[in-house]
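Here it is: the structure, laid out below.
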Amino acid sequence: MMAYATKLTSKPNSLQMTRSGKLGISLWQALSKTLTVDELFYLKEQFALLQPSKNGTISLENIKEALMRNGTDAMKESRAYEFLTSLNPLQYRRMDFEEFCAAALSVHQLEALDRWEQHARCA
């Protein structure tokens, strides 16, 4: 896994395309385990805003409700709600905090960090 993640550091488009499939999911979950305490704290706060269920999972409905509660005019103009509607096939899918962290990662944000290659090697 480490070699695969390191190899992809020079190919951001390839890494972005690995979001699906077992290997891609495993890679993103491994990368999410390299986040710092501060990054995990921030993501935990974001996850809490989505009001997870008693079993600690969120659904597409949680995301929609959070947008309705906290949405701004700029979000409405950006068609964020239309984008969420396009995700309706995921409406019965549940996501725990670990999956949320993996889904929240962005190749472009990771690459901007000085420790990007360290993240990839640790994954």
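Each value in this text was obtained by applying a stated rule to the coordinates, not by laboratory testing. Keep in mind the model is a prediction, meaning the values are calculated, not measured. Cβ sites come from the backbone with ideal geometry, for glycine too, and all protein chains shown count toward neighbours.
Taking the Cβ of TYR92 as the centre, find all other residues whose Cβ is under 14 Å away and add up their charges (Lys, Arg: +1; Asp, Glu: -1).
It works out to a net charge of +2.
All other residues with a Cβ under 15 Å from the Cβ of LYS64 taken together, and with Lys, Arg as +1 and Asp, Glu as -1, what is their net charge?
+2
Follow-up question, since we're still on this one. Taking θ as phi - 60°, what are the ³J(HN,Hα) couplings along the stretch 81-89 by the Karplus curve (6.51, -1.76, 1.60), each to the nearest whole Hz, with x for Gly and Pro?
With coefficients 6.51, -1.76 and 1.60, one gets 5, 5, 4, 4, 4, 5, 8, 3, x Hz.
Here is a further query. Could you list which residues have their amide H under 5 Å from that of LEU50, counting only those 5 or more apart in sequence or on another chain, with H placed in the peptide plane?
Correct list: empty.
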